[in-house]
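The values are calculated or read from the model by the stated rules, or taken from the named source; none is laboratory data. These numbers were taken from a predicted model, which means no experiment stands behind them. Note that each Cβ is placed from the backbone with ideal geometry, even for glycine, and that neighbours are counted across all protein chains shown. To get the accessible areas, we keep the full protein, side chains included, count just its heavy atoms, and leave off ligands, DNA and RNA. Shrake-Rupley method; radii C 1.70, N 1.55, O 1.52, S 1.80 Å.
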Amino acid sequence: MNTAEIAEMQKTYLIPTYAPELALVKGSGTRVWDAEGNEYLDFLAGIAVLNVGHCHPAVVSAIQEQTATLMHVSNLYFNEKQPLLAKKLSSLAGGGKCFFCNSGAEANEGLIKLARLWGSAKGKYEVVTMKNSFHGRTLATLTATGQEKVQKGFYPLPEGFVYAEFNNLESVKNAVTEKTAAVLVEAVQGEGGILPANPDFLIGLRKLCDEQGALLLFDEVQSGIGRTGKWFGFQNYDVQPDAFSLAKALGNGFPIGAIVAAPKVADVFQPGNHATTFGGTPLACAAALAVLDTIEKENLLENARTLGALLLSKLQKIADQYDWIECARGTGLMVGLVLNDSALPLQKLLQKKGLLTLATAVRVLRMLPPLTITTADVEKAAALIAEACAELDTP
Ligand SMILES: *Cc1c(COP(=O)(O)O)cnc(C)c1O
């Protein structure tokens, strides 16, 4: 089918929650191809999912092998891949235990339930979250999300959520009470427009939570698995969470989410408290093990740091040339070019030129390339962005 045929069929049979324009049919590494055979440099990576690139051979063969051996057993039985993956994540996180699920929203939902169960004996149930955050689309997680646009029309929302300003410690102090079970935060707000947390803010949150007897939770769904040049975004700061969530890149396209809970709260959930049928299947865990192994073997954390810095400096040079571009910002390969106005025209022009990016929070051009990109990829992307900006500057 060509793009027009796919679009027509989608219009008839899909609930219109999305509005795509491009039909992608094949991917390899940092490149994807559309139904007409056009090639794109993928600086979006399925929204921070394909951290080791499209169809990485190690992930493909791990999935193929596991598919032919054992795909699913349910959590009524052991499957060795699950503790193996949990052990690996625990060692990367500096300790703790894991619970596996299927998506970012589900992982955050689990964090919220964990905080409530932990707090229930002490009368603590409120979760303080940040304005401009994003935590998912289930009822609890869209309520945790501090953005009215995702909540509109879905009232009444679940109770027990309180909002504070991101990077404003005073605001969180004012929101925390004896009823606060947890503070939930992103190390770098992704959907919010690539806004890194200030070190003082996160260090202050850790101290505040310790003083108030509340849990500090991190949503690492987008910033985790090497995206920021560390395994987890909070590792760019001198801060350790009580629990955090993962999803997106954990399976590099195979759906899997996780909660990683520090020893303090690792045994809060007991049999019967929380569960999910597909959580931690041998297949999902095999995919995730291959992803983590690949990031280590290919030294991708370092690649994310060095090429992230290169991309950022090239974007900053472009930003300096135009008064309608405010700045470039980001951490590792979580990078945004901040315009004064909507970034959508730039996103669309870049797509025409063969570079996939995403306009986020209206005026931020968000880039989340695979951690496997090369210097040549960064140079090509920067050249295309420079070219597109020059064209937009002279309409
Ligand atoms: C994408 C995202 C989620 C939601 O994950 P889903 O898998 O879409 O449910 C939650 N938090 C953050 C920070 C995200 O980027």
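Please specify each residue of segment 228-241 satisfying the condition of being more than 10 Å from the ligand (Cβ to nearest atom) and within 20 Å of G251 (Cβ to Cβ). Walk me through how you get there before you give the answer.
Of the residues in segment 228-241, the ones more than 10 Å from the ligand (Cβ to nearest atom) are 228-232, 234-241.
Within segment 228-241, T228, K230, W231, F232 qualify.
Name the residue, out of Q270, Q222, that is open to solvent by 10 Å² or more (accessible area, probe 1.4 Å), away from the ligand (no atom under 13 Å from the Cβ) and not in a helix (DSSP H, G or I).
Values: Q222 fails: away from the ligand (no atom under 13 Å from the Cβ).
Residue meeting the stated conditions: Q270.
Can you find, within segment 73-112, the residue that is nearest to the chain's Cα centre (by Cα) among those that are open to solvent by 40 Å² or more (accessible area, probe 1.4 Å) and within 16 Å of the ligand (Cβ to nearest atom)?
Per the criteria, the residue is S103.
When you check L205 against the structure, is it away from the ligand (no atom under 11 Å from the Cβ), touching a residue at least 60 places away in the same chain (Cβ under 8 Å) and crowded, with 24+ Cβ neighbours inside 10 Å, yes or no? First the steps, then the outcome.
Details: away from the ligand (no atom under 11 Å from the Cβ): yes; touching a residue at least 60 places away in the same chain (Cβ under 8 Å): no; crowded, with 24+ Cβ neighbours inside 10 Å: yes.
Here the answer is no, as L205 does not meet what is asked.
Could you check A164 against (1) of a type in the set (A, V, I, L, M, F, W, C); (2) within 16 Å of the ligand (Cβ to nearest atom); (3) within 25 Å of V362 (Cβ to Cβ) and say which number it fails?
(2)
Identify the single condition in (1) open to solvent by 20 Å² or more (accessible area, probe 1.4 Å); (2) touching a residue at least 24 places away in the same chain (Cβ under 8 Å) that Q189 does not satisfy, given that it satisfies every other one.
With respect to (1) open to solvent by 20 Å² or more (accessible area, probe 1.4 Å); (2) touching a residue at least 24 places away in the same chain (Cβ under 8 Å), Q189 is out only on (1).
Would you confirm whether or not segment 122-132 contains a residue that is open to solvent by less than 10 Å² (accessible area, probe 1.4 Å), within 13 Å of the ligand (Cβ to nearest atom) and in contact (Cβ under 8 Å) with a residue 40 or more places away in the chain?
Initial filter on segment 122-132 (open to solvent by less than 10 Å² (accessible area, probe 1.4 Å)): 127-130.
Restricting the remaining residues to those that are within 13 Å of the ligand (Cβ to nearest atom) gives 129-130.
Restricting the remaining residues to those that are in contact (Cβ under 8 Å) with a residue 40 or more places away in the chain gives 129-130.
Yes, segment 122-132 contains a residue that is open to solvent by less than 10 Å² (accessible area, probe 1.4 Å), within 13 Å of the ligand (Cβ to nearest atom) and in contact (Cβ under 8 Å) with a residue 40 or more places away in the chain.
Does E80 meet the test of being charged (D, E, K, R) and in contact with a strand residue (DSSP E or B) (Cβ under 6 Å, 6 or more places away or on another chain)?
no
Hey, can you tell me all the residues within segment 1-60 that are touching a Ser or Thr at 6+ places or on another chain (Cβ under 9 Å), among the β-branched types (V, I, T) and in a helix (DSSP H, G or I)?
V59
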